[in-house]
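Have a look at the structure below before the remarks.
The values are calculated or read from the model by the stated rules, or taken from the named source; none is laboratory data. Computed from a predicted model, the values in this text were never measured in an experiment. Because the Cβ atoms are built from the backbone with ideal geometry, glycine has one as well, and the counts that use them run over all protein chains shown.
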Amino acid sequence: MLLRRPAVLALLLAFSGCMKIREDLIVLPDGSGRLTFTFSIANRGEAAGFTEAELMSGDPDEIAEKVRGLAAMTRPVLEKADGEVRIRMTAYFDDVNALKFMDDGEGEKAKPKQEFRFRKTGEAFTLELLGNLLADEVPERAPGDPEREKQKEEMFKAMFAGFGFRNDVKMPGTVTEADGFTSKAGRVASYRVEEKDLQKPADQKKINALTRFKVSCGKSEMSDAELADFRKELDQAKAAWPELRKEMKKKSERK
């Protein structure tokens, strides 16, 4: 599943089933943009003890190896409110075509889990997402004892109790086509997977089969002021990244 990718999130693996994950991807007309992950977990048990210092101990080199094409990251933010622990991680990219989420392979064995193709045709824009971050291997097994199969389904169901995933892709203009996504509104195409969608192993196979998403939009509706504000935000993040990277690297070496 998704949480195996960025090494900085290893401490969250035990909570992947009861976690709600939101991925926000914003793409500008020139292909640059911002990627934000927000993880929400019930504020109890080990999750209640999470600290920003732990989040800062992720090795930036490992992150860059697993999420390629990033131009900068910002400091992780941890909030505790409404009975939840919320962790927000933000990164920026200069070209979404270079952005890749890699699988669990090491070094040259690593392959893209998800990559992107962005293009402009006339005044319209199209973004393709190749691969699915929620895809996971489901071993093929011959049906066994009915009672045992029922137990397996119950275990699978329990594993994803409280789970939720939402991926919002915001385009430069109003979305006209959203293949593979579950909904679209304005400039945003959304893909959602809830607890009800993962009740048995066969449901995971359905997710695995969805390996291509395509969203198209019309003419950019972003004003010059909006574009300038984002360019300033991106430049500030890139300027601050070298020092933040050093800090993260130093803390990761103390683990």
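Counting only residues that are free of Cβ contacts under 8 Å to residues at least 60 places away in the same chain and of a type outside the set (Lys, Arg), which one in the stretch 191-201 is farthest from residue 21 (Cα to Cα)? It would help to see each step written out before you state the result.
We begin by selecting, within the stretch 191-201, every residue free of Cβ contacts under 8 Å to residues at least 60 places away in the same chain; these are 191-200.
Next cut, of a type outside the set (Lys, Arg) only: 191, 193-195, 197-199.
On the way: 191: 12, 193: 10, 194: 10, 195: 12, 197: 15, 198: 15, 199: 18 Å.
So, considering only residues that are free of Cβ contacts under 8 Å to residues at least 60 places away in the same chain and of a type outside the set (Lys, Arg), the one farthest from residue 21 (Cα to Cα) is 199.
If I filter the stretch 156-174 for residues that are surrounded by 12 or more Cβ atoms within 10 Å (Cβ to Cβ), of a type in the set (Ser, Thr, Tyr), closer than 30 Å to residue 28 by Cβ and modelled with pLDDT of 95 or more, do I get at least one hit?
Within the stretch 156-174, the subset surrounded by 12 or more Cβ atoms within 10 Å (Cβ to Cβ) is 156-157, 159-160, 162-174.
Filter once more, keeping what is of a type in the set (Ser, Thr, Tyr): 174.
Checking the rest, the ones that are also closer than 30 Å to residue 28 by Cβ come to 174.
Within this subset, residues satisfying the condition of being modelled with pLDDT of 95 or more are 174.
Scanning the stretch 156-174, I find at least one residue that is surrounded by 12 or more Cβ atoms within 10 Å (Cβ to Cβ), of a type in the set (Ser, Thr, Tyr), closer than 30 Å to residue 28 by Cβ and modelled with pLDDT of 95 or more, so the answer is yes.
How about the stretch 124-210: which strands (runs of 3 or more DSSP E) wholly inside it have at least 2 residues that are farther than 28 Å from residue 104 by Cβ and out of contact with any Asp or Glu (no Cβ under 9 Å at 6 or more places or on another chain)?
On the way: elements: 124-130, 164-170, 175-179, 183-185, 188-194.
In the stretch 124-210, 124-130, 175-179, 183-185 are the strands (runs of 3 or more DSSP E) which contain 2 or more residues that are farther than 28 Å from residue 104 by Cβ and out of contact with any Asp or Glu (no Cβ under 9 Å at 6 or more places or on another chain).
Just a yes or no: is a residue in the stretch 106-122 over 22 Å from residue 210 (Cβ atoms), in contact (Cβ under 8 Å) with a residue 40 or more places away in the chain and of a type in the set (D, E, K, R)?
Yes, the conditions are met somewhere in the stretch 106-122.
Go through (1) surrounded by 13 or more Cβ atoms within 10 Å (Cβ to Cβ); (2) within 20 Å of the chain's Cα centre (by Cα) for residue 218 and report which single condition fails.
For residue 218, the failing item is (2).
Can you say whether residue 89 is touching a Leu at 6+ places or on another chain (Cβ under 9 Å), at pLDDT 90 or above and surrounded by 18 or more Cβ atoms within 10 Å (Cβ to Cβ), as far as the supplied structure shows?
Values: touching a Leu at 6+ places or on another chain (Cβ under 9 Å): yes; at pLDDT 90 or above: yes; surrounded by 18 or more Cβ atoms within 10 Å (Cβ to Cβ): yes.
Criteria met by residue 89.
Can you name every residue in the stretch 77-86 that is in a loop (DSSP other than H, G, I, E, B) and either among the charged types (D, E, K, R) or buried (at least 18 other Cβ atoms within 10 Å of the Cβ) (or both)?
Residues of the stretch 77-86 that are in a loop (DSSP other than H, G, I, E, B), as a first pass: 82-83.
Once the filter is applied, which keeps residues that are in a loop (DSSP other than H, G, I, E, B) and either among the charged types (D, E, K, R) or buried (at least 18 other Cβ atoms within 10 Å of the Cβ) (or both), the stretch 77-86 yields only 82.
Is it the case, given these coordinates, that residue 73 is touching a residue at least 60 places away in the same chain (Cβ under 8 Å), out of contact with any helix residue (DSSP H, G or I) (no Cβ under 6 Å at 6 or more places or on another chain) and either at negative phi or not charged (D, E, K, R) (or both)?
Working: touching a residue at least 60 places away in the same chain (Cβ under 8 Å): yes; out of contact with any helix residue (DSSP H, G or I) (no Cβ under 6 Å at 6 or more places or on another chain): yes; either at negative phi or not charged (D, E, K, R) (or both): yes.
Considered against the rule, which asks whether it is touching a residue at least 60 places away in the same chain (Cβ under 8 Å), out of contact with any helix residue (DSSP H, G or I) (no Cβ under 6 Å at 6 or more places or on another chain) and either at negative phi or not charged (D, E, K, R) (or both), residue 73 comes out as yes.
Please find, among 226, 221, the residue that is at pLDDT 95 or above, in a helix (DSSP H, G or I), of a type outside the set (Phe, Trp, Tyr) and closer than 30 Å to residue 177 by Cα.
Details: 221 fails: in a helix (DSSP H, G or I).
None of the other options fit; the residue is 226.
When you scan the stretch 37-70, how many residues do you find that are assigned to a strand (DSSP E or B) and crowded, with 16+ Cβ neighbours inside 10 Å? Give the steps one after another, and end with the answer.
Step one: list which residues in the stretch 37-70 are assigned to a strand (DSSP E or B), which gives 37-42, 67-68.
Filter once more, so that each one left must be crowded, with 16+ Cβ neighbours inside 10 Å: 37-41, 67-68.
Qualifying residue count, the stretch 37-70: 7.
State which residue pairs qualify: first residue among the hydroxyl-bearing types (Ser, Thr, Tyr) and inside the stretch 163-190, second residue part of a loop (DSSP other than H, G, I, E, B) in any location, beta carbons under 9 Å apart, and separation of 6 or more residues or different chains.
174/186; 174/187; 174/218; 174/219; 174/221; 176/218; 190/181; 190/182
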